Amino acid sequence: MSRFQRIVVVGGSLAGMNVIQELRRLGYAGGLTLVGEEDVQSPYDRTELSKKLLTGTIDPDDLYLLTTEEIDELDLDLRLGRRATSLSLDPSRHTLTLDDATILEFDALVVATGSRARRPAFMGGLAGVHVLRTLPDALALRAELDSARNIVVVGAGFIGAEVAASVRSRGQSVTLVDPQPTPLGTVLGPIVGSHFADLHTRHGTDLELGVGVQELVGDGRVSGVRLTDGRLLPADLVVVGVGGAPVTEWLDGSGVEVDNGVLCDDGGHTNVPGIYAVGDAARWYSDYYGTQVRSEHWNNATLQATVVAENIVAAAKKSTLCAVPSFWSDQYRKRTQMVGCPRPTDEVCFVSGGPGEERFVALYGRDDRVTGVISFNSPRGLIKYQHLVAEGASWSASTALPDNIIPTDTRY
């Protein structure tokens with residue numbers, strides 16, 4: 001039986017709602033309050049914001065993960081459209097203050113505030129410039145897409161690459177800009193990244209790689225993107241996708257340790273008893289990597305929520321997260337799946353297929369250890385090799401397996 005009688009979950013994210021659902025499933029009958037900055041019906045599937053919602057193949061209502069009836073059954077004190085502003089951890093009274101001056105007392109608190117889109121200085125305040133992190137962001141972007149003629153996406157990470165692919169799927173022209181020499185270069189490295197450069201080019205996306213953005217120009221509304229090499233790209237709509245930052249400023253001065261996310265052990269506990277963190281706002285310790293890792297992916301949010309709920313209900317720490325990070329991306333109706341957390345400088349070995357082919361599977365490795373596996377349009381291939389990452393298998397032994405295909409120009 002849980003020792004906590006009043007639990008507050010801050011953040012109406014997938015991770016936050018999963019904590020609540022799991023607490024009720026485990027039999028927790030105490031008070032549960034959910035504070036969410038977005039005033040929406042329920043947590044929603046953010047993975048489709050840059051894909052099906054943007055292309056118009058689904059409506060906003062299709063994104064919601066819970067019905068109104070299902071939320072009612074959880075017996076929550078819902079505080080939607082409210083933002084946490086500060087946390088006080090006085091020994092005799094723990095309180096959370098909201099932006100409407102409401103003060104909530106609690107015995108345990110779960111940080112699930114996620115991340116917000118980074119806004120580089122060059123964005124300025126021109127109309128027609130968008131980020132994509134929330135449902136309102138996506139709806140605002142979609143509303144302007146129909147009338148846009150010159151669309152520029154800044155940032156060729158997963159969000160930027162998916163947005164560019166969605167725009168092309170709508171039949172519109174788009175230019176993808178990134179200072180890296182290939183799309184997804186900071187995650188996948190140049191070898192695998194070159195495959196995605198070819199993929200986008202084949203589908204008609206214009207690539208401006210190896211060059212950054214100096215400024216956005218326009219009179220009230222954006223009309224162009226000036227690159228760091230001096231060229232000016234015409235643009236009447238710009239999407240900036242350069243990563244996210246954890247929403248943790250409301251914890252300043254509380255005593256909860258934060259460093260690019262709330263620092264946690266492998267069970268979601270922070271340095272303050274009774275305070276936990278999950279999802280994009282959290283950095284959990286990983287035995288596999290030997291350090292604290294912030295992973296902004298769906299699977300991570302689900303697994304962490306389960307572990308934290310179990311530890312809240314238990315009298316002492318019982319559960320830990322041992323899972324290897326994993327994620328996926330859909331571009332041009334092709335699915336890319338990754339297990340592990342390789343560095344862009346890791347060695348690469350294609351064990352099935354190769355860059356530019358309809359499907360492939362590749363391993364990443366360093367220091368004679370397999371650090372990741374990526375599959376393109378090949379889910380069975382991922383299943384076949386993903387155990388090598390979890391086991392920390394030998395790179396030399398894994399890449400010498402008889403059924404591996406290792407092109408000499410892609411193994412370094």
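The values are calculated or read from the model by the stated rules, or taken from the named source; none is laboratory data. Just so we're clear, the structure is a prediction, and the values are computed from it rather than from any experiment. No Cβ is skipped: glycine too gets one built from the backbone with ideal geometry, and neighbour counts run over all protein chains shown.
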## Note on the structure
Restricting the stretch 98-119 to residues that are over 23 Å from Ala309 (Cα atoms) and surrounded by 15 or more Cβ atoms within 10 Å (Cβ to Cβ), the one modelled with the highest pLDDT turns out to be Leu98
### Query
Residues of the stretch 95-118 being assigned to a strand (DSSP E or B) and free of Cβ contacts under 8 Å to residues at least 24 places away in the same chain, which ones?
Thr95, Thr97, Ile103
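When you scan the stretch 226-236, do you find a residue that is at positive phi, crowded, with 21+ Cβ neighbours inside 10 Å and in contact (Cβ under 8 Å) with a residue 60 or more places away in the chain, even just one?
No, the stretch 226-236 contains no residue that is at positive phi, crowded, with 21+ Cβ neighbours inside 10 Å and in contact (Cβ under 8 Å) with a residue 60 or more places away in the chain.
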### Query
Which of the residues spanning the stretch 1-31 are assigned by TED's automatic domain parsing to the domain that holds Ile71, in a loop (DSSP other than H, G, I, E, B) and of a type in the set (A, V, I, L, M)?
Leu26, Ala29
#### Entry: Unmet criterion (only one of (1) aliphatic (A, V, I, L, M); (2) over 24 Å from the mean Cα position of the chain (by Cα); (3) under 30 Å from Ala164 (Cα atoms)) for Val272
(3)
### Task
Identify, by number, the condition in (1) more than 20 Å from Ile312 (Cβ to Cβ); (2) not assigned by TED's automatic domain parsing to the domain that holds Asp178 that Val272 doesn't meet.
(1)
### Message
Please verify whether Ser254 is in contact (Cβ under 8 Å) with a residue 24 or more places away in the chain and farther than 26 Å from Leu26 by Cβ, treating the condition exactly as stated.
### Response
yes
### Message
Show me the strands (runs of 3 or more DSSP E) entirely contained within the stretch 152-232 in which 1 or more residues are farther than 23 Å from Thr55 by Cα.
### Response
206-209, 213-218, 222-227
### Task
Considering each residue of the stretch 50-94, count those that are without any contact (Cβ under 8 Å) to a residue 40 or more places away in the chain and within 30 Å of Asp252 (Cβ to Cβ), and give that number.
4
### Task
Mind counting the residues in the stretch 95-122 that are over 26 Å from the mean Cα position of the chain (by Cα), of a type in the set (A, V, I, L, M, F, W, C) and more than 14 Å from Arg6 (Cβ to Cβ)?
1
#### Entry: Selected residue (criterion: nearest to the chain's Cα centre (by Cα)) from residues of the stretch 123-147 that are part of a loop (DSSP other than H, G, I, E, B) and closer than 28 Å to Tyr64 by Cα
Arg133
#### Entry: Test for Ala161: is it within 24 Å of Leu363 (Cα to Cα) and out of contact with any Phe, Trp or Tyr (no Cβ under 7 Å at 6 or more places or on another chain)
no
### Query
Does Val348 satisfy the criteria of being touching a Leu at 6+ places or on another chain (Cβ under 6 Å), assigned to a strand (DSSP E or B), outside the structural domain of Gly27 (by TED's automatic domain parsing) and more than 28 Å from Leu53 (Cα to Cα)?
no
### Task
Please note which strands (runs of 3 or more DSSP E) are completely contained in the stretch 253-341 and include at least 2 residues that are closer than 30 Å to Arg170 by Cα.
326-331, 334-340
### Output for the stretch 381-404, where each listed residue is over 12 Å from Val370 (Cα atoms) and either surrounded by 14 or more Cβ atoms within 10 Å (Cβ to Cβ) or modelled with pLDDT of 90 or more (or both)
Gly381, Leu382, Ile383, Lys384, Asn404
### Output for the stretch 176-210, where each listed residue is closer than 16 Å to Val238 by Cα and β-branched (Val, Ile, Thr)
Val177, Thr205
### Task
Residue by residue through the stretch 201-215, note down the ones that are over 18 Å from Leu227 (Cα atoms), in contact with a helix residue (DSSP H, G or I) (Cβ under 9 Å, 6 or more places away or on another chain) and without any contact (Cβ under 8 Å) to a residue 60 or more places away in the chain.
Gly204
### Test set (1) in contact with a Pro (Cβ under 6 Å, 6 or more places away or on another chain); (2) under 30 Å from Leu34 (Cα atoms); (3) buried (at least 22 other Cβ atoms within 10 Å of the Cβ) - Thr182 fails condition number
(2)
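Criterion first (acidic (Asp, Glu), touching a helix residue (DSSP H, G or I) at 6+ places or on another chain (Cβ under 7 Å) and surrounded by fewer than 18 Cβ atoms within 10 Å (Cβ to Cβ)) does Asp77 satisfy it?
Judged against the criteria, Asp77 is not a match.
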### Query
Can you name the residue in the stretch 78-94 that is more than 17 Å from Pro43 (Cα to Cα) and outside any strand (DSSP E or B) and, of all such residues, is nearest to the chain's Cα centre (by Cα)?
Pro91
